[in-house]
């Protein structure tokens, strides 16, 4: 349809597809110049470790966002899972691995609860997960009586503190989960249907897809990845803290959106979300290295977030207005 | 045809909704290898009938037979399995997915149960497109396709279910003439392969060109059915509306007044490349051209909905800056947009809300809205436009297309603009309401309004306009008076075989 001047569109098309990575690269380069210790293997591993918690929760969040939904309960679910696992492993006397397993299943269970409210209760995801956010946080406080649970054994803390082949265990967990969910999204029918629901739920239903089952899978996975995030943080802290994960849902949403997910649904992916989570992690780490006070860091993070989203919007906007809408409009 | 059992037989089928007998005792047969045109005004029951056949809504009474066997249609999925598909006005494709993914959504070729066999999926999708001679890349995202391409993909999707009965609801409403021809070729080819086709359209020329038989519905009943040769277009219209329509496009000759709006060398992107035009009081200017010629873009520029890159706009002899629709409205310019559902209406809101939305500021005192005056104003206009609605509180979503369009127009009338731009004002509107909208335009012009009407229907352009402008590739390439214009001349100009410098 448009034959003239192909170079500019190609460049903007490249930027459009890769804006998250370009931003990540720019921030990394910026800190590398400003703080010499930033670009060391040790520090980068620290960044990866710090990004893991947000990244795990953001993976589940991405699925929910692609379907056009959202999961606000991830932070509370992380806390609940960590507390349950620690409590059952220590004072419950079940041992570490049954405790971890039950913690993970509790996360998946909260996801199932979300899905039941959304699919059968027809409650909008925002409202349903807002409710379960309160419920999970409340259950955590009830279970812990608001006090930390300490006394975790080596097998538990292994998942937060040890390394394998020089790479911290949490990063291994993240890698495995990210690869699995990426394959799920890009190679399986379930994955395609997740995108399809975000693009047109009724159309998807009429094509014979069981939309309810797909949503159950999405929210259960989101609950489970949130639980993993909570378990790993508990292992890293050597104790369960009832107040962990406050605000995690916002970081997870930010990571997904920075990674190119559209809150309108139908668009998003795991590689982008990981890059989004790393942008957040790199920012914290770099600002710490530059000794920016933590209160000021919040302001800067917020500004970077806005800049990144606006940049993305402008790149896409140019493309849509110039070429995409033209053939459709009369 | 050799078959002696109809593909589909409806026996005394009825369906009522609260307050309406939508389908009333309809018996109808559709045969393999024929195109049956189903015509009727909006609200005549065509859509409900299709929804019954398609399993979207259950029957109240009556029976449906498929190839002589009684069947129950309890879901669209069931209908699909039986080989019945429906192609809706609003396309049912997912824009974020590719062509291939859309065609096989819900039945992707798999490996090891869960994994999609992408190679096979795209190969099969390609085969489906090739079979129909559709030239659309299978890996392209649907969002990147034109409306016509999407329509073709939708048909390919329907056929990939081995559809034996396809219902098409207003499939050409968004297509250009050439695309329509492609679609017609495809529809005829399907008929020749033995598929049964139900074709719903408001465009009678299409019906007479394409159909083998015509079925006319009115008020939920089937009022006539027979071979196309048995009808004339005028008869069909009479059957549809139940009264004689004196003229398709009533036109009151008007006296052209002084110029109101003058645009000089407007530019914005590729779509509008230096357009100059003048609109006079009391005149209806038809803006013709192919889809993509830049007509809608021009309208949006004049209305301030898009940014002008260069050029001047003058109103009443004064140079004006239009930076937003707000500016345009203040200057007395109104736009009835092409896509009334997403740009013209608040579908979930009442008639009152929709018609009064423009008046809020004008009719408020000290920042408080004067609801009483708004009500009076709206009531008068709604009655004048003869909007058929049970009350002002009716949600606009529940009105027919023609009445919805009248509500959009009524919002502008409440503001009494000097210039009213109408973009495809009668698309998806039934014949009765269409004639009313045309009459209204004529009346408004007679009262001194300047009207710019964009239309892709040449008979409408020729019937309604005092003067006709033709756009092609972002420029106005020809101007005709009402007397000299013909379909041929306009098409030649629109397709680039003719240029006539405009005296702007």
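The values are calculated or read from the model by the stated rules, or taken from the named source; none is laboratory data. All values reported here derive from a predicted model rather than from experimental measurement. Glycine also receives a Cβ, built like all others from the backbone with ideal geometry; neighbour counts cover every protein chain displayed.
Just checking, does the stretch A:153-168 include any residue being crowded, with 23+ Cβ neighbours inside 10 Å and over 16 Å from residue A:60 (Cβ atoms)?
Kept after step one, since they are crowded, with 23+ Cβ neighbours inside 10 Å, are these residues of the stretch A:153-168: A:156.
When the remaining residues are screened for being over 16 Å from residue A:60 (Cβ atoms), the result is A:156.
Yes, that holds for at least one residue.
Looking across the stretch A:153-183, the residues that are free of Cβ contacts under 8 Å to residues at least 12 places away in the same chain and under 17 Å from the mean Cα position of the chain (by Cα) come down to A:172, A:175, A:176, A:179, A:180, A:183.
Taking the conditions exactly as written (more than 8 Å from chain B (Cβ to nearest Cβ) and under 16 Å from residue B:114 (Cβ atoms)), does residue A:167 satisfy them or not? Let's see the steps before the verdict.
Working: more than 8 Å from chain B (Cβ to nearest Cβ): yes; under 16 Å from residue B:114 (Cβ atoms): no.
When the stated conditions are applied, residue A:167 does not pass them.
Every test in (1) at the interface with chain A (Cβ under 10 Å from one of its Cβ atoms); (2) free of Cβ contacts under 8 Å to residues at least 40 places away in the same chain; (3) buried (at least 19 other Cβ atoms within 10 Å of the Cβ) is passed by residue B:152 save one, and that test is (1).
Based on this model, can you work out whether residue B:288 counts as surrounded by 21 or more Cβ atoms within 10 Å (Cβ to Cβ) and outside any helix (DSSP H, G or I)? Break it down stepwise before answering.
Numbers: surrounded by 21 or more Cβ atoms within 10 Å (Cβ to Cβ): yes; outside any helix (DSSP H, G or I): yes.
Here the answer is yes, as residue B:288 does meet what is asked.
Per the listing B:269, B:242, the residue uniquely touching a helix residue (DSSP H, G or I) at 6+ places or on another chain (Cβ under 9 Å), on the phi > 0 side of the Ramachandran plot and either buried (at least 18 other Cβ atoms within 10 Å of the Cβ) or modelled with pLDDT under 90 (or both) is B:269.
For the structure I just gave you, tell me whether residue B:93 is out of contact with any strand residue (DSSP E or B) (no Cβ under 6 Å at 6 or more places or on another chain), facing chain A (nearest Cβ under 10 Å), closer than 27 Å to residue A:183 by Cβ and touching a residue at least 60 places away in the same chain (Cβ under 8 Å). Spelling it out, residue B:93 is indeed out of contact with any strand residue (DSSP E or B) (no Cβ under 6 Å at 6 or more places or on another chain), facing chain A (nearest Cβ under 10 Å), closer than 27 Å to residue A:183 by Cβ and touching a residue at least 60 places away in the same chain (Cβ under 8 Å).
Just one of the listed residues (B:450, B:439, B:414) is in contact (Cβ under 8 Å) with a residue 12 or more places away in the chain, more than 22 Å from residue B:206 (Cα to Cα), in the same structural domain as residue B:277 (by TED's automatic domain parsing) and in contact with a strand residue (DSSP E or B) (Cβ under 6 Å, 6 or more places away or on another chain), and it is B:450.
Residue A:117 meets each of the listed conditions (1) touching a residue at least 40 places away in the same chain (Cβ under 8 Å); (2) assigned to a helix (DSSP H, G or I) apart from (1).
Those residues that are farther than 20 Å from residue A:195 by Cβ and away from chain A (no Cβ under 13 Å), I need them from the stretch B:96-135; list them, please. Break it down into steps so the answer makes sense when it comes.
We begin by selecting, within the stretch B:96-135, every residue farther than 20 Å from residue A:195 by Cβ; these are B:112, B:123, B:126-135.
If the condition is that a residue be farther than 20 Å from residue A:195 by Cβ and away from chain A (no Cβ under 13 Å), then B:123, B:126, B:127, B:128, B:129, B:130, B:131, B:132, B:133, B:134, B:135 are the ones that fit.
Of all residues assigned to the stretch A:200-211, none qualifies as being within 21 Å of the chain's Cα centre (by Cα) and either closer than 30 Å to residue B:85 by Cα or away from every other protein chain (no Cβ under 14 Å) (or both).
When you scan the stretch B:325-444 for helices (runs of 4 or more DSSP H) that lie fully inside it, which ones turn up with 3 or more residues that are touching a helix residue (DSSP H, G or I) at 6+ places or on another chain (Cβ under 6 Å)?
Working: elements: B:325-331, B:351-356, B:371-384, B:401-415.
Output list reads B:351-356, B:371-384, B:401-415.
Regarding residue B:494, is this residue in contact with a strand residue (DSSP E or B) (Cβ under 6 Å, 6 or more places away or on another chain) and either in a loop (DSSP other than H, G, I, E, B) or closer than 25 Å to residue B:316 by Cβ (or both)? The answer is no for residue B:494. Among the residues of the stretch B:195-230, just one is in contact with a strand residue (DSSP E or B) (Cβ under 6 Å, 6 or more places away or on another chain), part of a loop (DSSP other than H, G, I, E, B) and more than 11 Å from residue B:34 (Cβ to Cβ), namely B:220. For the stretch B:382-410, filtered to residues that are within 14 Å of residue B:429 (Cβ to Cβ) and in contact with a strand residue (DSSP E or B) (Cβ under 7 Å, 6 or more places away or on another chain), the residue that is surrounded by the fewest Cβ atoms within 10 Å (Cβ to Cβ) is B:408. Here residue A:230 meets each of (1) in contact with a helix residue (DSSP H, G or I) (Cβ under 6 Å, 6 or more places away or on another chain); (2) in a loop (DSSP other than H, G, I, E, B); (3) more than 14 Å from every other protein chain (Cβ to nearest Cβ) with one exception, condition (2). Does residue A:100 satisfy the condition of being part of a helix (DSSP H, G or I), modelled with pLDDT of 90 or more and within 22 Å of residue A:253 (Cα to Cα)? Here the answer is no, as residue A:100 does not meet what is asked.
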